[in-house]
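Visitor: Have a look at this one.
Values in this text are rule-based calculations from the coordinates and carry no lab data. All of these numbers come straight from a predicted model, not from anything done at the bench. Neighbour counts are summed over all protein chains in view; Cβ atoms, including those assigned to glycine, are modelled from backbone coordinates with ideal geometry.
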Number of protein chains: 2
Amino acid sequence: MTGPSLDVIGVGNAIVDVLAKADDAFLKAHDIPKGGMILIDEDRAKSIYSGMAAAVEVSGGSAANSIACIASLGGNGGFIGKVADDALGDIFRHDLRAMGVEFDTMPLIDGPETGRCLINVTADAQRSMSTFLGAAGYVAPDDIDEEQIKRAAITFCEGYLFEQPNAREGFIAACAIANANGNRTALTLSDASVVERQQDVLRNFIKDHVHILLANDVEAAALFGSEDLGVISEKARALSPLTAMTRSEHGSILIPRDGDIVEVPAIKPAALEDTTGAGDAYAAGLLFGLARGFDLTRAGTLGSLAASEVISHFGARPSQSLLSLAENHKLL
Amino acid sequence: MTGPSLDVIGVGNAIVDVLAKADDAFLKAHDIPKGGMILIDEDRAKSIYSGMAAAVEVSGGSAANSIACIASLGGNGGFIGKVADDALGDIFRHDLRAMGVEFDTMPLIDGPETGRCLINVTADAQRSMSTFLGAAGYVAPDDIDEEQIKRAAITFCEGYLFEQPNAREGFIAACAIANANGNRTALTLSDASVVERQQDVLRNFIKDHVHILLANDVEAAALFGSEDLGVISEKARALSPLTAMTRSEHGSILIPRDGDIVEVPAIKPAALEDTTGAGDAYAAGLLFGLARGFDLTRAGTLGSLAASEVISHFGARPSQSLLSLAENHKLL
């Protein structure tokens, strides 16, 4: 076993975010569902980008954002994901490593460019994402570093990649290693449409492999077929040892299989600027807390705090030290 | 003559900014002069970048930033500068065009990559820039579009490029066209070390070609050999029809050859976050105002207003409509 132990290792999309302000008419004109995520091909990416406002580029990817937040909380994080051998790939790699995150996945050679997520942020702070996966979709079982997974308290998979067959095989390989070594695994559902398309496969994957399931209320309703908390909690307990359901400004609900439901309030942000990355930041706080053995309330509150920081500014990664913030809140 | 008339066309660096937070120890360790700009080669760029914190990428370049601000003020801007045919070049082109700026310079083929400026911002909001020019240094007389220069009320050259012989020839070609057509020309000195190294050549260029000279107080002291306003104004009047000297939080001083000195106060920003682009934004307001025939006070105040917006957030280009801001201030 080489390297220090890790709190969380993420397996997910290695992509760069392209963030710009937009209005509802733009979303409509380009057929972009507000608040959602759609996968697009390179031609459509060019077409949408050419109509977008002047933008800011910043490393993104859902699980990668979470790992960046975990590093900002003072945790040890690792990431597995696929970039190309190009300028955007260099940027993605730099930004994770600069935060102290282990990221050693070999770049894709002779394939598509590094993926990017075109994020249009409307005045109501909602983000609508159009993702050209590019190289990111090529992450595969060969990229899973067994020694690295063994060192991680939690292996965290990103649902956005669940529909890429090679990536899904990668998730299964990673979770199998984690489980065989007595470590925990987590999955974020990422998007309700992924849930709807993958119902049965997803349910089986969770049942067989996942200890900690993360979902927002829309994704949870899609998976459990109900918005009723009684129904959701019963089905969630049957499916996985712990389910965390986020509900935007209403905070989150933690449903352990063997214990009482815990409600965690949201923390109001200094300003509400851009909700991009809110779920990723929440996952970071929760998973970091669980990796460190905190109780559900404390771990969930760390999630609320990380989310409140990330939505207070443009972009999905923290702009200040989450560790300092958590210390100020007496959470760390 | 094709296309609409332009308020200002800029000739300058086509580069992407890589912005990150840093401390003084980092600047010292990498021998980066605080608050200044140094030119670096690709190897040193890699070395500095590898030590930098997680960053944000955003289109930059001094004159290009000014033109972006002019577009945000509701003006018509054009830009001439050299990117490579790569991802960062696409980003640079997109961001200018998305603001309505004409940017048609052909990309460099088979040369270095698109340039980048590594900007380390310290807690005191000072920015220290390390620039790998890359393709940007290859702008040349062939890139100067005669018809486009003819359409511009003001042709604006960026001093950072004055030491690139081909770019300097480009400036001369552009200014000659502007002058021959009765249009005005402007130059920003950009950096005191450029001034020190290029004293005589620079002075001759200004005398022969430039109507509006822009400098901060340090650059003005370097060019005129004095910090005394009496000496500066006498020498400035001998050199060019109008000199604008910025003095950070003390505002700016406008020195017309045939008129009284005008003092313009600074406008306090909502918050002081990052001074990157302050001078570029000031130049934008001033030049836009002069292109539209405003008096010196009104044009200079537009400059102060644009600068106050740009330093209130991370990054050198406006994050809100400068036109709306100027309307609120009854300047437009």
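Visitor: ³J(HN,Hα) across the stretch A:61-76 via Karplus (A = 6.51, B = -1.76, C = 1.60, θ = phi - 60°), whole Hz, x for Gly/Pro?
Guide: Result, rounded to whole Hz: x, 4, 5, 5, 4, 4, 5, 4, 5, 5, 4, 5, 7, x, x, 9.
Visitor: Same structure, new question: Compute, for the stretch A:1-67, the length of the dipole vector about the Cα centre, with Cβ point charges of +1 (Lys, Arg) and -1 (Asp, Glu) only. Units Debye, rounded to 20.
Guide: With Lys and Arg at +1 and Asp and Glu at -1, about 100 debye.
Visitor: Could you tell me which of A:His30, A:Ala87, A:Ile9 has its Cα farthest along the dipole of the stretch A:8-95 towards the positive end, charges placed at Cβ (Lys, Arg +1; Asp, Glu -1), taken about the Cα centre?
Guide: Final value for the positive-end residue is A:Ile9.
Visitor: Something else about it: What are the nm distances, shortest first, from B:Glu273 to its equivalents in the other copies, labels at 7 Å along Cα→Cβ?
Guide: 0.4
Visitor: I'd like the Kirkwood hydrodynamic radius of the stretch B:25-114, using the inverse of the mean 1/r over distinct C-alpha pairs, in Å.
Guide: 15.0 Å
Visitor: Which net charge results for the neighbourhood of B:Gly259, defined as the other residues with beta-carbon distances under 15 angstrom from its beta-carbon, given Lys and Arg at +1 and Asp and Glu at -1?
Guide: Neighbourhood net charge equals -2.
Visitor: A further question on this structure: Enumerate the calculated ³J(HN,Hα) couplings along the stretch A:117-132 in order (Karplus 6.51 cos²θ - 1.76 cosθ + 1.60, θ = phi - 60°), each rounded to whole Hz, writing x wherever the residue is Gly or Pro.
Guide: Once rounded to whole Hz, the list reads 10, 7, 10, 9, 9, 8, 4, 7, 6, 6, 10, 10, 10, 10, 10, 9.
Visitor: Starting from the amide H of A:Glu113, placed 1.01 Å from N in the peptide plane, find each other amide H under 5 Å away whose residue is 5 or more places distant or on another chain.
Guide: For A:Glu113, whose amide H was placed from the backbone, the distant partners under 5 Å are A:Ala135.
Visitor: Run through the stretch B:238-308 and list the GluC sites (Glu not before Pro) located in a DSSP loop whose Cβ has at most 16 other Cβ atoms within 10 Å.
Guide: Passing both the DSSP loop test and the Cβ count: B:Glu273.
Visitor: Then there is this: Using a Gaussian network model of chain B whose springs link C-alpha atoms within less than 10 Å, name the residue from B:Ser319, B:Ser128, B:Ser240 with the highest mean-square fluctuation.
Guide: Highest fluctuation among the options: B:Ser319.
Visitor: Please work out the ratio of the alpha-carbon Rg of chain A to 2.2 N^0.38 Å and round it to two decimals.
Guide: Compared with the compact-globule rule of thumb, chain A sits at 0.91.
Visitor: I would also like to ask the following. Please compute the contact order of the stretch A:1-147 in relative form: average sequence separation of alpha-carbon pairs under 8 Å and at least six residues apart, divided by the residue count, as a percent.
Guide: 37 percent
Visitor: Then there's this: Quick check on the protein assembly as shown: of the DSSP beta bridges with both residues there, what percent are antiparallel, nearest 5%?
Guide: Given both bridge residues lie in the protein assembly as shown, the antiparallel proportion sits at roughly 35 percent.
Visitor: Further question on the same structure: What lysines could a cross-link reach from B:Lys235, if we take a straight Cα to Cα line under 26 Å and drop same-chain neighbours fewer than 8 places away?
Guide: The reachable lysines, counting only those whose Cα sits under 26 Å from B:Lys235, are B:Lys207.
Visitor: With a cut-off of 8 Å between alpha carbons and a minimum separation of six or more residues, what is the relative contact order of chain A in percent?
Guide: About 18 percent, as a whole number.
Visitor: Still on this structure: Looking at the stretch A:155-273, what % of its DSSP beta bridges pair antiparallel, to the nearest 5?
Guide: 40 percent
Visitor: Another question, then. Provide the percentage of antiparallel DSSP beta bridges, counting only those with both residues in the stretch B:1-84; round to the nearest 5.
Guide: In the stretch B:1-84, DSSP labels about 50 percent of beta bridges as antiparallel.
Visitor: Given 20 °C and 1.002 mPa s, compute D for the protein assembly as shown with the Stokes-Einstein relation, Rh being the Kirkwood radius over Cα pairs; round to the nearest whole µm²/s.
Guide: 82 µm²/s
Visitor: What does the charge dipole of chain A about its Cα centre add up to, to the nearest 20 debye, if the Cβ of each Lys and Arg holds +1 and the Cβ of each Asp and Glu holds -1?
Guide: Dipole about the Cα centre, nearest 20: 660 debye.
Visitor: Charges at C-beta only: +1 for Lys and Arg, -1 for Asp and Glu. How large is the resulting dipole of the stretch A:201-332 about its Cα centre, in Debye rounded to 20?
Guide: Dipole about the Cα centre, nearest 20: 320 debye.
Visitor: Projected onto the charge dipole of chain B (+1 at Lys/Arg Cβ, -1 at Asp/Glu Cβ, origin at the Cα centre), which of B:Ala281, B:Ala180, B:Gly259 gives the Cα projection farthest towards the positive end?
Guide: Toward the positive end, the furthest listed residue is B:Gly259.
Visitor: Per the Debye formula with a single identical scatterer at each Cα and no solvent contribution, what log10 I(q)/I(0) holds for the stretch A:134-232 at q = 0.10 Å⁻¹?
Guide: Here the Debye-derived log intensity ratios amount to -0.27.
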